[in-house]
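Step one of this worksheet: look at the structure below.
The values are calculated or read from the model by the stated rules, or taken from the named source; none is laboratory data. On a predicted model such as this, the values are computed, not experimentally measured, just so you know. Positions of Cβ are generated from backbone atoms using ideal geometry, with glycine treated the same way; all protein chains shown enter the neighbour counts. Heads up: the accessible areas ignore ligands, DNA and RNA and are worked out on the full protein's heavy atoms, side chains in. Shrake-Rupley method; radii C 1.70, N 1.55, O 1.52, S 1.80 Å.
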Amino acid sequence: LLAEPIVLQTTVPPEPVAHFRVQIATLNLHNLFDTIDDPATDDPVRSPAIYRRQLKKLALTIHDSLGEPLLVAVQEVENGDALQALVNRPEIQAHYEYLWQDGPDGRGIDIALLYRVDSIKVLGFEVRQGCTRLMDGLGPDGNRDVRNPVNLVTCDSDGDGRLDGNRLFSRPPFIARLQICEPDCVRGRVRNIHLIANHWKSKSEDTPVTAYTLARRKEQARYVAGLVTELMAADPGIQLIVLGDFNDFLHSEPLQILERTGLVNLLLNVPHSRSYTFIFEGVSQNLDHILVSPALLDPVGEMRFTQIVHINADFPTSVETNPYTAVRATDHDPVLLALISDPYQVFLPSVLSFPSQGSLGMLQPLRSP
C-alpha cells in the first residue's frame, strides 16, 4: 500500500514557433508530349484524350502522392506549353510556376523545375552544356548508331578556339539558385539553396555484352562533378541538392564520380527492399537519385527523410489508361526529400513505477535532436 500520494512538479515548455517543412521531389514525366507536331524534333504527337489523361494522372501524382512539394524537378517534358498545362490542372491546388529552357534532345524532351510561388523565390537559373571528344554516335550531335558511330564536330573541348568535339548532353544540367521562404514569401525567415537537376544518357543502346552508353554517362558525371566543385569552392557552406534521372545505379561508376566531390546520396538511407525507382524486364533498379552537400546535413534541429514513392514501377502498364488514379502515371517512381526544421522540444510523458524496493522511477523529459 502507498502511504502518501506522490505529486510531481512539472514544467510546461514555452510555446515554440511553428516548424517548417521543405519537400523536394524528382519526377520523370515519361514523355509528356503535347498534341502539336514540332517539325524540328522527332516528337510523338498525342491525341487530345491521351494528353488530357496523362496531364491528369501527373497532376494527381503531384497533389495526392507527393503532397504538392515546394520544388519538383521533372524530366521528359516537351515544352513550356505542356508544363503550363500541367500546373494549371484543377487537381493541383498550390500555385506552381516553372523554369524551363529548350534543349537539343532529338525527340525534344527537356528538364524543368516546378516551384511553388508562395514559398520559393528564384534568384537565378541557367543551363550548362559540356563538350566531349567521344565518338560514340550518342548525344545531340550523334547519328544514334553505336555500332557505326558518327558525331558531328560542334564545340570546343579545350578552349583553344577550334571546334574539336560534340555536345555532351542531350538534356544539359539545369542549375537554379533559389530562396526558400519560411513560412512564406511575405513574412518569415529565408534560406538559400542551389539545385542541379539532371537527366543523363539512358542505357537504351546497351546490350547484355557491351555498355555502349557508359562512357558518356561517366563524362556527364565528371562534368556535373566539376559544377559541384565550382559551387562548393565559391561557397564551402553551400546547401546544394543534385537530383534527377541519372540512368545509373547506386555504386555505379558515374554515381561514385559524383560522390567523390563530397556529395551524399540519400538513397543509401532507404531500406534495400524499398530502394528502386524503375523495373526493367522484371529487375528492380535505382535510376533516380537525390544527393546533397555536407552543409545540408549539418543544421542542428533539422531532420531529413528520403522516400521513394512506389506508385508506378510495380504496376502494370494497363493502369496507364485509368484517369482516376495517380498510379502508373509514369514508368519511374518519384523520390521525395523532406527537410523538417523542428524547434519543438519533445517531452515524453512522465512514467511512474513502484518496484519492490519502494523507490520511485521516472523517465526524464527528452529533447529532440
Response to the item:
At the level of C-alpha centres, the distance separating the stretch 90-156 and the stretch 211-284, in angstrom, is 17 Å
Worksheet item: Based on DSSP H runs of at least 4 residues, each adding -39500 (n - 2.57), what is the mean residue ellipticity at 222 nm of the chain after dividing by all its residues, to the nearest 500 deg cm²/dmol?
Response: -4000 deg cm²/dmol
Response to the item:
Longest principal axis of the chain (C-alpha) makes with the long axis of helix 48-60 (C-alpha) an angle, in degrees to the nearest 10, of 30 degrees
Worksheet item: Using a simple charge model, +1 on the beta-carbon of Lys and Arg, -1 on the beta-carbon of Asp and Glu, nothing else, what dipole does the stretch 130-201 show about its Cα centre, in debye to the nearest 20?
Response: 360 debye
Worksheet item: With charges only on Cβ, +1 for K and R and -1 for D and E, what is the dipole size of the chain about its Cα centre, in debye, rounded to 20?
Response: 560 debye
Worksheet item: With +1 on each Lys and Arg Cβ and -1 on each Asp and Glu Cβ, how big is the dipole of the stretch 59-98 about its Cα centre, in debye rounded to the nearest 20?
Response: 80 debye
Fill in: Degrees separating the helix 214-234 axis from the principal Cα axis of the chain, which is the longest one
50 degrees
Worksheet, complete the sentence: Of the accessible area of the stretch 33-167, computed with a 1.4 Å probe and all protein chains kept, carbon and sulfur make up a percent value of 48 percent
Worksheet item: If you roll a 1.4 Å probe over the heavy atoms of the protein chains, what accessible area per residue do you get for the stretch 166-292, in Å²?
Response: 42 Å²
Item to complete: Please list, or write none, the lysines whose alpha carbon is within less than 27 Å of the alpha carbon of residue 203, excluding same-chain residues fewer than 8 places away.
Response: 57, 218
Item to complete: Under 1.5 on a/c is rounded, so check that first for the chain, then, if it is not, pick prolate when a/b is larger than b/c and oblate when it is not; a ≥ b ≥ c are the square roots of the alpha carbon gyration tensor eigenvalues.
Response: prolate
Worksheet, complete the sentence: When the charge dipole of the stretch 141-273 is computed with +1 at the Cβ of Lys and Arg and -1 at the Cβ of Asp and Glu, the Cα pointing farthest to the positive end, of 221, 176, 148, is that of 176
Discussion item. Heavy atoms only, 1.4 Å probe, whole protein assembly: order 53, 116 by accessible area, highest first.
Written reply: 53, 116
Worksheet, complete the sentence: The answer for residue 290, listing residues at least 5 apart or on another chain whose modeled amide H is closer than 5 Å to its amide H, is 266, 267
Response to the item:
Honestly the stretch 90-172 on the Cα gyration tensor test (a ≥ b ≥ c root eigenvalues; a/c under 1.5 rounded, otherwise a/b vs b/c for prolate or oblate) is just oblate
Practice prompt. Please give the solvent-accessible surface of residue 203 in Å², to the nearest 10, using a probe radius of 1.4 Å with every protein chain present.
Written response: 60 Å²
Fill in: Accessible area of the stretch 170-281 belonging to carbon and sulfur atoms, whole % at 1.4 Å probe
55 percent
